[in-house]
There are 2 protein chains.
Amino acid sequence: MMRYNIPMKQRARSIAEKTRRADDLIAAAEFVAVQQGGIRYLTLEMVAEHVGIHRTGVRRYYASKEELLLALAERGWSTWRDRIAVVTEGLEGIGPKQVADVICETITAQPVFCDVLTHVPLNLEGDVDIERARQYKKEAFSVYDDIVRMLVQVSTMTPAHIQSLLTATLALTSYLWQVSHPTPTLAELYRQVPSWGHVALDFEPRLQHLLEACALGMETC
Amino acid sequence: MMRYNIPMKQRARSIAEKTRRADDLIAAAEFVAVQQGGIRYLTLEMVAEHVGIHRTGVRRYYASKEELLLALAERGWSTWRDRIAVVTEGLEGIGPKQVADVICETITAQPVFCDVLTHVPLNLEGDVDIERARQYKKEAFSVYDDIVRMLVQVSTMTPAHIQSLLTATLALTSYLWQVSHPTPTLAELYRQVPSWGHVALDFEPRLQHLLEACALGMETC
């Protein structure tokens, strides 16, 4: 009733407004994750507080913490693609080591994405309903395909090798991020026994070294 | 009072008995983890039920699920070392590809260990008290050092390369195990869209390929 009477402009503004608020909540989640030292410490209450709304207000946009984090992961994928596009612009014929460096440099620029990568297969995809999981997979695979295309175009590597290197990237990034961001108990232990901490920390140099090894090794496998 | 009157044999038997029961609970946890499709589905109740005792009986040996799983991880490390010792017996001068194959073959023989590797840095080490975390680190590093020594002894690889390869192993194994053992929602999605499942599944061949690439690439880095 009266639906046709709602002015188009107002409806559009309302949709734009909703999209903006949904985006604001993702940005707030990223901020809180950095502030708390990891998304494992994040709650919807913290996110709501950061944007100055009630917890129930968040639920109008995201039904659960898992849905919010999955949206954050989606955003992370597309930001990663955009960064790779910028960094590879004008490059051609780069070798495996340089491809590894491009991947390392762009993914480590997104620490919350590095963190959420562990949680996606472990909890997030399984804790939302199947249609939401399908949407995430579609989005993530579409970006993944873009990244493969871009890296194949600027490098001497085959699509199969780029794909394997991206699998290694997701594995190495998520594991190394977690071990290099210890819980308070472990951080204290590393302070007491520095040699243990030495093995766990140094996220970026270790990631870069292992990605370069992997990329170079693909060629001789 | 009267402590010196307790017969030595009985006390020893009681300690042996306690050790055996603690071991039985780890074995039961492994059984339940396999049966449930992952340790994320395991509860102390399930473990108690499997050995036919009350849940409070488990708590006499392990104060929490986290303590039980950390003991299971410790056991996994020493079993892994023992497997590597058997497989490398009599070998000498093997190259990086064969070292990767030894690692892959021995670690994939322990699926529950592969699974628990994700949970150790993410939750377990941080959810127990610092002394328990210290004990775990001591145990795990001691086995890790044994593995490095054994692999250096039988191969042409340097200790630094073996250490990097082991870091890559922990990362690749834990990530690939999780994505290749999807939740029921994701398993249904992979049934509907086989191309997505294709990327996620095939745990062992993908691990082997990436470990070989990594090991070979170390030499040229």
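Please treat every number below as a calculation from the coordinates, not as lab data. Here the structure is a predicted model, which means the values were calculated and not measured. Note that we place each Cβ from the backbone using ideal geometry, even for glycine, and neighbour counts take in every protein chain shown.
Quick look at the values:
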quantity	calculated
Net charge contributed by nearby residues that have their C-beta within less than 13 Å of A:ARG55 (K/R +1, D/E -1)	+1
Percentage relative contact order, the range A:20-149, counting C-alpha pairs under 8 Å, at least six apart	28
Alpha-carbon centroid distance for the pair the range A:78-114 / the range B:180-221, whole angstrom	22
Axis-nearest residue in chain B [Cβ, rotation onto A], distance in whole Å	B:GLY217, 1
Mean separation of Cα contacts under 8 Å (6+ apart) over length of chain B, as relative contact order %	22
Relative contact order (%) - criterion: Cα under 8 Å, at least six apart; region: the range B:76-200	34
Teacher prompt: A:PRO159 distances to equivalent labels in other copies, 7 Å Cα→Cβ, nm	4.6
Nearest-first distances (nm) between copies at A:ALA27, label 7 Å from Cα via Cβ	5.9
Amide H within-cut-off set for B:SER155, under 5 Å, with H built and near neighbours excluded	B:GLY93, B:ILE94
The protein assembly as shown: mean projected area of Cα convex hull, nm²	28.7
Positive-end extreme of charge dipole, the range B:77-162 - chosen from B:THR88, B:GLN153, B:ALA100 (charges on Cβ)	B:GLN153
Of B:GLU131, B:GLU49, B:GLU92, the one that fluctuates the most in a GNM where chain B has Cα springs shorter than 10 Å	B:GLU131
Approximate spin-label separation B:ASP145-B:VAL199, in nm, with each point projected 7 Å along Cα-to-Cβ	4.2
Kirkwood Rh, angstrom, chain A [1 / mean 1/r, Cα pairs]	19.3
Per-selection metrics, the range A:44-139 (Cα): Rg and Dmax in Å	16.5, 52
222 nm mean residue ellipticity, helices alone, for chain B (DSSP H n ≥ 4; -39,500 (n - 2.57); rounded to 500)	-24500 deg cm²/dmol
Tally of Lys pairs whose C-alpha atoms are under 21 Å apart, taken over the protein assembly as shown, 8 or more apart or cross-chain	9
Peptide-level mean, for A:120-127, of C-beta atoms on other protein chains within 10 Å	5
Neighbourhood charge, 11 Å Cβ-Cβ cut-off, centred on A:CYS104 and excluding it, Lys, Arg +1 and Asp, Glu -1	-2
Partner chain coverage, peptide A:171-181 - average Cβ within 10 angstrom	6
Given charges at Cβ of Lys, Arg, Asp, Glu: chain A dipole, positive-most of A:GLN192, A:ALA33, A:HIS50	A:HIS50
For A:ASP145, label point 7 Å along C-beta direction: distances to other copies, nm	5.2
Contour excess over end-to-end distance, with Cα ends at B:THR158 and B:GLN36 and 0.36 nm allotted per residue	39.9 nm
